[in-house]
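Okay, structure first, notes after.
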Amino acid sequence: MRGEEIELRGVKVLPGFIDADAQAAMLAELREVARAAPVMRPVTRRGPMSVQMTSAGRLGWVADRRGYRYAPLHPETGAPWPPIPDSVLAVWRAVAGVAVDPDSCLVNLYREGAKMGMHQDRDEGDFSYPVVSISLGDEALFRVGSVERGGSTASIWLRSGDVAVMSGAARLVHHGIDRVRAGSSTLIPGGGRINVTLRVVR
């Protein structure tokens, strides 16, 4: 059930934007993405990440010991990324407020204990386009800071079906996932949370 829009330090959160049936359909499409482009656990300069990830679209987001970047091919299979699912594109077109479709769809899988440190989405070429984030599965504590590193933050629990939009002055805010509430959703077999992030890369 859709709730009233929430603003968290400029980030728009749309509670319950995707209903239960649409969540299940989206999950099925994301499984097809993972079959074509298997999920990986990136190892960065700081060590292995706690999330697993894959991508869809013209470009995938890749993290390894050389850094972070967009790439046209899956680093393990060498194949192009699969197309962004129609159900995911429909959400972008409904909330992004731009006439351009995303180039990249990053799919992060959080199992129990996984988290994402505070960071900015700044590997794209044009920050005038928004970042749209879709939550599926277990609830996650989403923390938002400011464009500058450090300072005060605010947090909100994101639930399955919630959508967040970072745009305008909030496009480059630092944000992260502090923890996932295991067992709070039955959507994903075996538990866990999927975060789908859509970006225009140019």
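The values are calculated or read from the model by the stated rules, or taken from the named source; none is laboratory data. Please read all numbers here as calculations on a predicted model, not as lab measurements. No Cβ is skipped: glycine too gets one built from the backbone with ideal geometry, and neighbour counts run over all protein chains shown.
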- Message: Residue pairs, Cβ under 8 Å, 6 or more apart or interchain, first in segment 19-38 and of a type in the set (A, V, I, L, M), second surrounded by fewer than 16 Cβ atoms within 10 Å (Cβ to Cβ). List them.
- Response: ALA36/ALA79; ALA37/THR77; ALA37/ALA79
- Message: Taking the condition of being of a type in the set (A, V, I, L, M), over 22 Å from VAL100 (Cβ atoms) and assigned to a strand (DSSP E or B), how many residues in segment 30-61 meet it?
- Response: 3
- Query: Mind checking whether some residue in segment 78-89 is in contact with a His (Cβ under 8 Å, 6 or more places away or on another chain), touching a residue at least 12 places away in the same chain (Cβ under 8 Å) and outside any strand (DSSP E or B)?
  - Reply: yes
- Output for segment 180-200, where each listed residue is touching a strand residue (DSSP E or B) at 6+ places or on another chain (Cβ under 6 Å) and buried (at least 17 other Cβ atoms within 10 Å of the Cβ): VAL180, SER185, LEU187, ILE188, GLY192, ARG193, ILE194, ASN195, VAL196, THR197, LEU198, ARG199
- Selection status of VAL43, within 26 Å of ASP178 (Cβ to Cβ) and at pLDDT 95 or above: no
- Message: If I filter segment 110-120 for residues that are closer than 21 Å to ARG45 by Cα, of a type outside the set (S, T, N, Q) and in contact with a His (Cβ under 8 Å, 6 or more places away or on another chain), do I get at least one hit?
- Response: yes
- When residues of segment 167-179 are filtered for being of a type in the set (A, V, I, L, M), out of contact with any Phe, Trp or Tyr (no Cβ under 9 Å at 6 or more places or on another chain) and buried (at least 16 other Cβ atoms within 10 Å of the Cβ), how many remain? 2
- Message: Of all residues being under 15 Å from the mean Cα position of the chain (by Cα) and part of a loop (DSSP other than H, G, I, E, B) in segment 174-197, which is farthest from VAL33 (Cα to Cα)? Just the residue, please.
- Response: HIS174
